[in-house]
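Asks: Okay, handing you the structure first.
The values are calculated or read from the model by the stated rules, or taken from the named source; none is laboratory data. Bear in mind the structure is a predicted one, so any value in this text is a computation, not a measurement. Here the Cβ positions follow ideal geometry from the backbone for every residue, glycine too, while neighbour counts run over all protein chains shown.
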Amino acid sequence: MKVLFSNILILLAISCVSFTFTHDEGSPEGIKHVIIIGIDGMSVSGLQKAKTPVMDRMISQGSMVLKVRTVLPSVSSPNWASILLGAGPEQHGVTNNDWKIDDHLLEPVVFDSNNRFPSIFSIIREQIPNAETGSVYEWEGFGRLYQQSAVSYDHHFSTPDSTATEFQDYILKKKPLFAFMHLDLVDGAGHESGHGTEAYFKAISKADSLIGNVLNSIKEAGIDSNTLVIITSDHGGIGYGHGGNTPEETVVPLVFYGKGVKKGYTIKQQVYQYDVAATVAFALKVVPPYAWIGRPVKAAFEGYEEPANLWQGTLRLTAPVIYPERELYRLPGGLYVNKSAEVRMSSTEQHVSIYYTLDGTEPGANSAIYKEPFMVKQTTVVKAKAVGQDGHESQSSTAYFRIVKPNETTGLNTKFFSGDHWEELPSFNQLKSQKQWRSLEFSICRQQLLDLIPADNSCFGLVYEGYLQIDKAGKYSFYTQSDDGSKLYIDGEQVVDNDGDHGVIESMGSITLKPGKHAIKVAYFNADGGFWLETFYKGPGLTKQIIPANKLFLKQ
């Protein structure tokens, strides 16, 4: 019996060893160096539309993800921190762009003697003490996000060219185990000229050329055959800013290229910002701390499959485009004064039909099928959906066509106020407005405001007042989307509170109204940088839509 029991124990031990061995996937072999190039503010559409021959080649010879989800808020500090620290703001505590090591509210869940959450730099230094690591960055704030004492070479430069040149020289001289280069020019173009503009695309093209120079330095250093290169971004953008939760701001690309990477492969697993650090640790065979929540993107590498438990949900097609399409902050559709509007649609998908409605309801099998452009003569909410022959559908696209024939009674009284470092809406009734005019909608004309605000102070406020025509009694919901804060009032009652210094965020409130004209007021302020305001409502018989000009009046 004792011999039998001993044999059983031996078999169990062998079984356990075998089990451990078969489930230990190890790490990719032969990766001796990892280089990350971070392009601040580069969106998915930016990468797709800009001329980027270098990154195009890297994608064709490497692996990529086009739907990396950022952390919130979609601003630089929380996202670069998450990329470096292998966790989200809830763990590392970098919750906004104002974060400082000695001035923040949320403590990291674990921290070293300097109150810092573990970074990819610190775990490499801990586990490979003599490793050469470097960080060269254009945005000065980048360097405050990690333990600089754990980095062999840490330098800030004020231009993209000087940053890239220094990074190239560093690679040539030191051949680092791990190094990070941060470029800020794309984010700057987004704030200055607008995301999706020609200037924005040119900035991405410039970044692409600098990436090419870095790749040349890797080759010249003689380490190209064993180097993994990662291209990443912290956030996208919308209009002239970012920080909100729209897809344009919260989805970014990620590219893997070089040693051990699959060629021409599109990664299927869901990927998040904090997975980047975990992937670097995986490639360099260092053990990530338990406090990290990031997981390595193993499917990017040869010999590794997508996760066995990968759940991809329902396949969605790309939504159709309704013209006039979105431009900066302006939503699809538009305001048409004393004229009708032409509606056109298109789809990038093959072998699909575009179903649409003109009342804001979701398109279905019984909806009209788009065949050719058509005209609308009154305010209309157009929704369209692409449906494939196999039954797969896209999400709906929405366009808001507002048609008005203005007279002396239509519009809103609008007041402009110069600001001074506001962080929330001031008491406008205690301030003197510098200019007044009539607006047809709750909208911002960027050029008009640029003519009013000084170059060194973009803080200002607007107050819109008028009357909203309500045709049916019932419960109405009102929404403001704004960058920065806004509030909406009906008959003197605050209905929507979207105050504060933030990116494009939507807030909602509801109120029961009777038919007739009701006093409506929207107060808005811009703290700094990009600015935007849009207002929506929905109610009995009304789909959610931009509050239209034909329902707004100066007098009751």
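Asks: Quick check on my filter: what residues within segment 443-487 are of a type outside the set (D, E, K, R), within 19 Å of residue 501 (Cα to Cα) and in a strand (DSSP E or B)?
Replies: Result: 460, 461, 462, 463, 479, 480, 481, 482, 486.
Asks: Please tell me if residue 246 is at pLDDT 95 or above, among the β-branched types (Val, Ile, Thr) and surrounded by fewer than 21 Cβ atoms within 10 Å (Cβ to Cβ).
Replies: Considered against the rule, which asks whether it is at pLDDT 95 or above, among the β-branched types (Val, Ile, Thr) and surrounded by fewer than 21 Cβ atoms within 10 Å (Cβ to Cβ), residue 246 comes out as no.
Asks: Checking residue 327 against (1) under 26 Å from the mean Cα position of the chain (by Cα); (2) at positive phi; (3) modelled with pLDDT under 95, only one condition comes out false. Which one?
Replies: That leaves (2) as the condition not met.
Asks: What is the number of the single condition among (1) among the acidic types (Asp, Glu); (2) farther than 25 Å from residue 208 by Cβ; (3) touching a residue at least 40 places away in the same chain (Cβ under 8 Å) that residue 161 does not meet?
Replies: Unmet for residue 161, out of (1) among the acidic types (Asp, Glu); (2) farther than 25 Å from residue 208 by Cβ; (3) touching a residue at least 40 places away in the same chain (Cβ under 8 Å): (2).
Asks: Just the residues that are surrounded by 18 or more Cβ atoms within 10 Å (Cβ to Cβ) and among the charged types (D, E, K, R), please, taken from segment 123-153.
Replies: If the condition is that a residue be surrounded by 18 or more Cβ atoms within 10 Å (Cβ to Cβ) and among the charged types (D, E, K, R), then 125, 132, 138 are the ones that fit.
Asks: If you don't mind, there's one more thing I want to ask. In segment 50-77, which residues are over 18 Å from residue 275 (Cα atoms) and out of contact with any helix residue (DSSP H, G or I) (no Cβ under 6 Å at 6 or more places or on another chain)?
Replies: Residues satisfying the conditions are 53, 56, 57, 58, 59, 60, 61.
Asks: Assess whether residue 313 counts as being touching a residue at least 24 places away in the same chain (Cβ under 8 Å) and in a loop (DSSP other than H, G, I, E, B).
Replies: On the way: touching a residue at least 24 places away in the same chain (Cβ under 8 Å): no; in a loop (DSSP other than H, G, I, E, B): yes.
Judged against the criteria, residue 313 is not a match.
Asks: Here is a further query. Anything in segment 354-373 that is surrounded by fewer than 16 Cβ atoms within 10 Å (Cβ to Cβ) and either touching a strand residue (DSSP E or B) at 6+ places or on another chain (Cβ under 8 Å) or at pLDDT 95 or above (or both)? List them, or say none.
Replies: 359, 361, 362, 364, 365, 368, 369, 371, 372, 373
Asks: Looking at (1) modelled with pLDDT under 95; (2) closer than 19 Å to residue 413 by Cα, which is the one condition that is false for residue 503?
Replies: (2)
Per-residue answers, yes or no, for (1) of a type in the set (Asp, Glu); (2) surrounded by fewer than 16 Cβ atoms within 10 Å (Cβ to Cβ); (3) assigned to a helix (DSSP H, G or I):
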{"site": "163", "(1), (2), (3)": "no, no, yes"}
{"site": "168", "(1), (2), (3)": "no, no, yes"}
{"site": "176", "(1), (2), (3)": "no, no, no"}
{"site": "182", "(1), (2), (3)": "no, no, no"}
{"site": "191", "(1), (2), (3)": "no, no, yes"}
{"site": "200", "(1), (2), (3)": "no, no, yes"}
{"site": "208", "(1), (2), (3)": "yes, no, yes"}
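Asks: Evaluate segment 413-422: report whether one residue or more is modelled with pLDDT under 90, in the same structural domain as residue 543 (by TED's automatic domain parsing) and of a type in the set (Gly, Ala, Ser).
Replies: Among the residues of segment 413-422, not one is modelled with pLDDT under 90, in the same structural domain as residue 543 (by TED's automatic domain parsing) and of a type in the set (Gly, Ala, Ser), which makes the answer no.
Asks: So, residue 266, is that one more than 20 Å from residue 170 (Cβ to Cβ), modelled with pLDDT of 95 or more and of a type in the set (Ser, Thr, Tyr) or not? So that I can check it myself, show each step before the final result.
Replies: Numbers: more than 20 Å from residue 170 (Cβ to Cβ): yes; modelled with pLDDT of 95 or more: yes; of a type in the set (Ser, Thr, Tyr): yes.
The answer is yes for residue 266.
Asks: Let me ask you something else. If you check 518, 502, which single one turns out to be part of a strand (DSSP E or B) and not aliphatic (A, V, I, L, M)?
Replies: Checking each option against the conditions leaves just 518.
Asks: With the structure loaded, tell me whether residue 366 is more than 23 Å from the chain's Cα centre (by Cα), closer than 30 Å to residue 228 by Cα and free of Cβ contacts under 8 Å to residues at least 60 places away in the same chain or whether it fails that test. Talk me through it step by step, then tell me what you get.
Replies: Details: more than 23 Å from the chain's Cα centre (by Cα): yes; closer than 30 Å to residue 228 by Cα: no; free of Cβ contacts under 8 Å to residues at least 60 places away in the same chain: yes.
Against the criterion (more than 23 Å from the chain's Cα centre (by Cα), closer than 30 Å to residue 228 by Cα and free of Cβ contacts under 8 Å to residues at least 60 places away in the same chain), residue 366 does not qualify.
Asks: Among 94, 136, which is the only one that is part of a loop (DSSP other than H, G, I, E, B), in the same structural domain as residue 242 (by TED's automatic domain parsing) and either over 24 Å from residue 186 (Cβ atoms) or touching a helix residue (DSSP H, G or I) at 6+ places or on another chain (Cβ under 7 Å) (or both)?
Replies: 94
Each row is one residue, and each column tells you yes or no for (1) of a type outside the set (Gly, Ala, Ser); (2) in contact with a His (Cβ under 6 Å, 6 or more places away or on another chain); (3) crowded, with 23+ Cβ neighbours inside 10 Å; (4) not in a loop (DSSP other than H, G, I, E, B).
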position: 66; (1), (2), (3), (4): yes, no, no, yes
position: 72; (1), (2), (3), (4): yes, no, no, no
position: 77; (1), (2), (3), (4): no, no, no, yes
position: 90; (1), (2), (3), (4): yes, no, no, yes
position: 110; (1), (2), (3), (4): yes, no, no, no
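Asks: Separate question: From the set of residues in segment 482-516 that are of a type in the set (A, V, I, L, M, F, W, C) and either under 14 Å from residue 424 (Cβ atoms) or touching a helix residue (DSSP H, G or I) at 6+ places or on another chain (Cβ under 9 Å) (or both), which is surrounded by the fewest Cβ atoms within 10 Å (Cβ to Cβ)?
Replies: Restricting attention to segment 482-516, the residues satisfying the condition of being of a type in the set (A, V, I, L, M, F, W, C) are 488, 490, 495-496, 504-505, 508, 511, 513.
From what's left, either under 14 Å from residue 424 (Cβ atoms) or touching a helix residue (DSSP H, G or I) at 6+ places or on another chain (Cβ under 9 Å) (or both): 504-505.
Working: 504: 26, 505: 19.
For segment 482-516, the residue satisfying everything is 505.
Asks: Okay, moving on. Looking at 442, 428, 460 in this structure, which one is in the same structural domain as residue 486 (by TED's automatic domain parsing), in contact (Cβ under 8 Å) with a residue 12 or more places away in the chain and in contact with a helix residue (DSSP H, G or I) (Cβ under 8 Å, 6 or more places away or on another chain)?
Replies: Numbers: 442 fails: in contact with a helix residue (DSSP H, G or I) (Cβ under 8 Å, 6 or more places away or on another chain); 428 fails: in contact with a helix residue (DSSP H, G or I) (Cβ under 8 Å, 6 or more places away or on another chain).
Of 442, 428, 460, the one residue that is in the same structural domain as residue 486 (by TED's automatic domain parsing), in contact (Cβ under 8 Å) with a residue 12 or more places away in the chain and in contact with a helix residue (DSSP H, G or I) (Cβ under 8 Å, 6 or more places away or on another chain) is 460.
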